[in-house]
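Everything on this sheet refers to the single structure shown next.
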Amino acid sequence: MQIGPYDDADAPDLVRMWRASFEHGVGITDPHPIDEQLQYFLREVVPRHVVRVVRDDGAIVGFLASTPESIAHLYVRVSHLGRGIGSALVRLAQAESCGSLWLYTFERNHVARRFYQRHGFREVERESENMFRLEAIKYLWQRA
């Protein structure tokens with residue numbers, strides 16, 4: 001597996017993988033059309049973040065969208081969970097950070113919450129002002 005740069009040709013496969021991983025982790029069906037999510041990714045995520053893609057035999061199996069201050073998106077293909085892909089992506093974001101990172105994950109995504117806590121993130125606030133109207137937890141990591 002290799003972590004490499006994002007290319008616009010990756011977008012359709014990446015977004016489908018993102019959708020499946022999100023639905024698996026949160027336990028809901030995303031009601032938004034996939035084309036809408038693709039446009040959101042291209043219009044909002046790509047211009048504002050460094051996007052990295054993880055490939056296994058050419059297939060996208062994970063991605064990270066981050067800034068030096070935050071992790072906006074970190075998703076791993078469901079069939080590849082537990083293989084260290086997410087940990088490698090978090091370590092990359094931490095290494096490229098300004099010394100701290102924040103992110104949100106949904107309260108009901110217990111696997112993601114444990115994952116981030118294992119990587120040194122701690123809960124700092126909760127909110128439910130999001131498009132899914134689900135309780136979200138803001139986590140913060142700070143370099144020791």
Which condition number in (1) assigned to a helix (DSSP H, G or I); (2) touching a residue at least 40 places away in the same chain (Cβ under 8 Å); (3) out of contact with any helix residue (DSSP H, G or I) (no Cβ under 8 Å at 6 or more places or on another chain); (4) surrounded by fewer than 17 Cβ atoms within 10 Å (Cβ to Cβ) is the one that residue 20 fails? (3)
Determine, yes or no, whether residue 72 is in a strand (DSSP E or B), touching a residue at least 12 places away in the same chain (Cβ under 8 Å), small (Gly, Ala, Ser) and in contact with a helix residue (DSSP H, G or I) (Cβ under 9 Å, 6 or more places away or on another chain). yes
Given (1) of a type outside the set (Asp, Glu); (2) out of contact with any Asp or Glu (no Cβ under 9 Å at 6 or more places or on another chain); (3) modelled with pLDDT of 95 or more, index of the condition residue 32 fails: (3)
Condition set under 16 Å from the mean Cα position of the chain (by Cα) and β-branched (Val, Ile, Thr), scope the range 110-144, selection nearest to residue 67 (Cα to Cα): answer is 137
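The values are calculated or read from the model by the stated rules, or taken from the named source; none is laboratory data. Predicted model only: the values in this text are computed from it and were never measured. So basically every Cβ, Gly included, is an ideal-geometry build from the backbone, and we count neighbours across all protein chains shown.
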